[in-house]
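These notes are about the structure you will find just below.
Please treat every number below as a calculation from the coordinates, not as lab data. All values reported here derive from a predicted model rather than from experimental measurement. For neighbour counting, all protein chains shown are included, and Cβ atoms are generated from backbone atoms with ideal geometry for every residue, glycine included.
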Amino acid sequence: LHKHGSDLRFVAGNMTVAYGASFLNSTSWYHLAGTYNSTGASLFINGTLANSTSSPNRGKVILGSEAYIGGDNRSTTLKGNLDEVAVYAYAKSAAQIYGDYINSTYTAMIYKDVVGYWHFDESSGGTAYDASPSVNNGTLY
């Protein structure tokens, strides 16, 4: 998930969902969620579907040695702050995403079934610690 030009983009595998990001401002927090499954990808903003694309059978997204949060390869990055990022092994439903948004207090949350969960509470250093059982610690750039 990152900003590219005037778009907010969610990229999963070889699929991209874009949404005009002119509404973003630097004084507000936003709840952003992206889903990807066998029928396509979707982008949710503050619990509401913003845009989706249909493209069945595009393959799996595999968290390997290089998965990016807030950018696509260190050259296109989000200019802002990230907090409480979770990755699941399944695509959440629209109702589940809305529930996450409504119940979110923007503090440390416990997510069931996560395969990656980063609080981004590190105050120094170059490591983003994964609080999930997977322990996929990342490098901060």
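Computed FRET efficiency, Cβ-Cβ of Thr16 and Phe120, R0 22 Å: what is it to the nearest 0.05?
On the way: r = 24 Å, r/R0 = 1.09.
Between Thr16 and Phe120 the formula returns 0.40.
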(message) Quick check: residue separation of Tyr88 and Asn137 times 0.36 nm, minus the Cα distance between them. What number comes out in nm?
(response) 16.1 nm
(message) Between Thr48 and Thr27, what's the calculated FRET efficiency when r is the beta-carbon distance and R0 is 22 Å? Round to 0.05.
(response) 0.60
